[in-house]
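The structure appears right after this line, and notes come after that.
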Amino acid sequence: AMPHQRPELECGKELDVSFYVQHADQVRGKATIDLSTAPPPDLVIRIDLVEPAFNKFAILAALGIPELWHYDGQQVRIWELAVGEYMEVAESKTLVGIPGAALAE
């Protein structure tokens, strides 16, 4: 996986960590990543220990981020983009076979 730490976005600049996995070859070696021409990161990991930021899900969905891992200090929930909004799923499709319960450990 290739990390994507500073996306050039008009909104949603508060992403915690994002990664290219399936699309890593398309962005590898680039000093900056322009999301107007590059694919969106395959995975975003959000950590919200104070209060949940589910309103940011809409920003990530608009960017086309296919998978979101959300950690609230106790558990990791995996969300998959489907028809423009996130639906909770049991396992990651980006890193196949990894359940949310294992990620919290």
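The values are calculated or read from the model by the stated rules, or taken from the named source; none is laboratory data. Computed from a predicted structure; not experimentally measured. Glycine also receives a Cβ, built like all others from the backbone with ideal geometry; neighbour counts cover every protein chain displayed.
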Please go through the range 57-76 and pick out each residue that is in contact with a strand residue (DSSP E or B) (Cβ under 7 Å, 6 or more places away or on another chain) and surrounded by 18 or more Cβ atoms within 10 Å (Cβ to Cβ).
F57, L60, A61, I65, P66, E67, L68, W69, H70, V76
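Restricting attention to the range 76-90, does a residue exist that is among the aromatic types (F, W, Y) and at pLDDT 85 or above?
Going residue by residue through the range 76-90, those that are among the aromatic types (F, W, Y) are 79, 86.
This time we only want the ones that are at pLDDT 85 or above, so: 79, 86.
The answer is yes, given that some residue of the range 76-90 is among the aromatic types (F, W, Y) and at pLDDT 85 or above.
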Quick one: L103 ticks every box in (1) in contact with an Asp or Glu (Cβ under 6 Å, 6 or more places away or on another chain); (2) outside any loop (DSSP other than H, G, I, E, B) bar one, so which box is it?
(1)
Could you please find all residues in the range 27-54 being loosely packed, with under 14 Cβ neighbours inside 10 Å, part of a loop (DSSP other than H, G, I, E, B) and modelled with pLDDT of 80 or more?
R28, G29, K30, A31, T32, S36, T37
